[in-house]
Amino acid sequence: MSFSKASVRDAEVAGRRVLVRVDFNVPLAGGRVADDMRIRAALPTIELLRERGAALVLASHLGRPGGKPDPELSMAPVAKRLGELLGTEVKLAPGVIEGDVDLICGALGPGDVLLLENTRFEPGETENDPKLSEALATLADLYVNDAFGAAHRAHASTEGVAHHLSGYAGLLLEREVTELTAVVESPKRPLVVILGGAKVSDKVGVIDRFLEVADRILIGGAMCFSFFRAQGIATGDSLVEEKGVELAAEALERAKDSDCELTLPLDLVLGRSFDAETERRESDGVEVPDGWMGLDIGLRTAELYAEAVAGAGTVLWNGPMGAFEMEPFAAGTRAVAEAVAKAPGTTVVGGGDSVAALRKFGLDDEVDWLSTGGGASLELLEGKKLPGVEALMDAEDSDSDA
Ligand code: ADP
Ligand code: MG
């Protein structure tokens, strides 16, 4: 199945003003952008539009200011960093819609770039208030959504505004949807899915979907303890999400009737507490005694998972195998990251912490697709429709519009 939405590549933008929703929700430190990965990910769309003679009005949220201006969450550091990356001045608007924003937009010429203030300074953003959507729509002639990381939210700048302007998919959003959809709809087999991280409840929808479409699911991270608890195995002081135990029990039940093999760890690395300096012990087996917690998968498990990855036609990895931020508990995640990096099959990695782990190990260039959207990528993989994508024009309607 090819991407069904109109693409920015097919939009006629010369001499027109384009409102581009980007995902510039980046970490800040000391008034600067601490990690510009998300800004870089939007550059291809921004550069394409500038080359084609559009004037750009960029919009993004940043953090959770709660519907009112908060100087700590101003887009100013983002405008500065974007300007450095583009090698051109990026103006910062005094607000989202108020003040002279409409006049400033009206004065933009081809190739100019204006960044609106944090969209969540407006209470109407998260409420998807039509008044805000309409006001945003008056700022431009057409709309491009490149904010994949926010596409699972029906907010004014991600969804509402697309009802008032012709809406096109940006290059990043298009690629994200295409890559992630391909994993579930047309994977090279075997399809091996590695799931880890902290919460089963966030990822149970993905487990359900992959029990139907994957050949194998390998579980690691804190998530495995909900499964062990559901099987009546002692988990000691390991991080167990209570709600997750029930969900894990249901998933184990469904796995019995599925052609997909659900694999849990065989061995673990234990610690006394969630602390890099804690006493550490390798455990051959998965029972965790009181006074200990499981903080990583063990060596045998890591080898088993690495072998499965090596033999896969397609690998999807979401969620670290352990508390990889602490070196004594990073080996399992590192082994999986290295296996994914070396894998001959198609490799797709999603989830903020999994991507962070790959980057920490210097392996982020070795995978085929690194998703920029945590929640959005999970919802898409589950098979949910993303409001920010659904609201865009269908590809076959795009000609008549431009
Ligand atoms: P992602 O962002 O890739 O989707 P999650 O947010 O679900 O991943 O989970 C990442 C977090 O899970 C990491 O901070 C890691 O320390 C934690 N984690 C993984 N395994 C364990 C474990 N066994 N015990 C406690 N925390 C864990
Ligand atoms: Mg995370």
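The values are calculated or read from the model by the stated rules, or taken from the named source; none is laboratory data. The shown structure was predicted, so the numbers you read here are calculated from the model rather than taken from an experiment. FYI the Cβ positions are ideal-geometry reconstructions off the backbone, even for glycines, and counts take in every protein chain you see. Areas reflect the complete protein model, heavy atoms only, side chains present, ligands, DNA and RNA absent. Shrake-Rupley method; radii C 1.70, N 1.55, O 1.52, S 1.80 Å.
Please find, within the stretch 343-354, the residue that is most open to solvent (accessible area, probe 1.4 Å) out of those that are within 14 Å of ligand 1 (Cβ to nearest atom) and touching a helix residue (DSSP H, G or I) at 6+ places or on another chain (Cβ under 7 Å). Looking at the filtered set, the residue picked out is Gly352. Evaluate the stretch 386-395: report whether one residue or more is modelled with pLDDT under 95 and away from ligand 2 (no atom under 16 Å from the Cβ). Yes, there is a match, as at least one residue in the stretch 386-395 is modelled with pLDDT under 95 and away from ligand 2 (no atom under 16 Å from the Cβ).
Every test in (1) open to solvent by 20 Å² or more (accessible area, probe 1.4 Å); (2) within 29 Å of the chain's Cα centre (by Cα) is passed by Leu114 save one, and that test is (1).
Working only within the stretch 30-56, note down all residues that are open to solvent by 60 Å² or more (accessible area, probe 1.4 Å) and touching a Leu at 6+ places or on another chain (Cβ under 7 Å). Matches in the stretch 30-56: Ala34, Arg40, Pro44, Arg50.
Among the residues of the stretch 218-235, those that are within 15 Å of Ile297 (Cα to Cα), in contact with a Leu (Cβ under 8 Å, 6 or more places away or on another chain) and outside any helix (DSSP H, G or I) comprise Leu218, Ile219, Gly220, Gly221, Ala222. Remark: Gly109 falls outside the filter, which requires a residue to be in a loop (DSSP other than H, G, I, E, B) and without any contact (Cβ under 8 Å) to a residue 12 or more places away in the chain. May I ask you to verify whether Gly95 is in contact with a helix residue (DSSP H, G or I) (Cβ under 7 Å, 6 or more places away or on another chain), more than 27 Å from Arg32 (Cβ to Cβ) and open to solvent by less than 10 Å² (accessible area, probe 1.4 Å)? Spelling it out, it is not the case that Gly95 is in contact with a helix residue (DSSP H, G or I) (Cβ under 7 Å, 6 or more places away or on another chain), more than 27 Å from Arg32 (Cβ to Cβ) and open to solvent by less than 10 Å² (accessible area, probe 1.4 Å). Among the numbered conditions (1) among the charged types (D, E, K, R); (2) within 16 Å of ligand 2 (Cβ to nearest atom); (3) open to solvent by 30 Å² or more (accessible area, probe 1.4 Å), the only one that Glu261 does not meet is (2). Within the stretch 117-164, how many residues turn out to be more than 16 Å from Val96 (Cβ to Cβ) and surrounded by fewer than 19 Cβ atoms within 10 Å (Cβ to Cβ)? Here the count works out to 3. Exactly one residue among Val26, Val20, Val13 is open to solvent by less than 30 Å² (accessible area, probe 1.4 Å), under 16 Å from Leu82 (Cα atoms), in contact (Cβ under 8 Å) with a residue 24 or more places away in the chain and not in a strand (DSSP E or B), and that residue is Val26. State whether the residues of the stretch 288-303 include one that is open to solvent by 50 Å² or more (accessible area, probe 1.4 Å), in contact with a Lys or Arg (Cβ under 9 Å, 6 or more places away or on another chain) and either in the same structural domain as Met321 (by TED's automatic domain parsing) or modelled with pLDDT of 95 or more (or both). Among the residues of the stretch 288-303, not one is open to solvent by 50 Å² or more (accessible area, probe 1.4 Å), in contact with a Lys or Arg (Cβ under 9 Å, 6 or more places away or on another chain) and either in the same structural domain as Met321 (by TED's automatic domain parsing) or modelled with pLDDT of 95 or more (or both), which makes the answer no. Condition test on Lys256, is it surrounded by fewer than 18 Cβ atoms within 10 Å (Cβ to Cβ) and touching a Ser or Thr at 6+ places or on another chain (Cβ under 6 Å)? Against the criterion (surrounded by fewer than 18 Cβ atoms within 10 Å (Cβ to Cβ) and touching a Ser or Thr at 6+ places or on another chain (Cβ under 6 Å)), Lys256 does not qualify. On the basis of being assigned by TED's automatic domain parsing to the domain that holds Ser60 and within 23 Å of Val26 (Cβ to Cβ), does Ala150 make the cut? Judged against the criteria, Ala150 is a match.
Is there a residue in the stretch 71-81 that is open to solvent by less than 10 Å² (accessible area, probe 1.4 Å), in a loop (DSSP other than H, G, I, E, B) and in contact with a Gly (Cβ under 8 Å, 6 or more places away or on another chain)? Within the stretch 71-81, not a single residue is open to solvent by less than 10 Å² (accessible area, probe 1.4 Å), in a loop (DSSP other than H, G, I, E, B) and in contact with a Gly (Cβ under 8 Å, 6 or more places away or on another chain).
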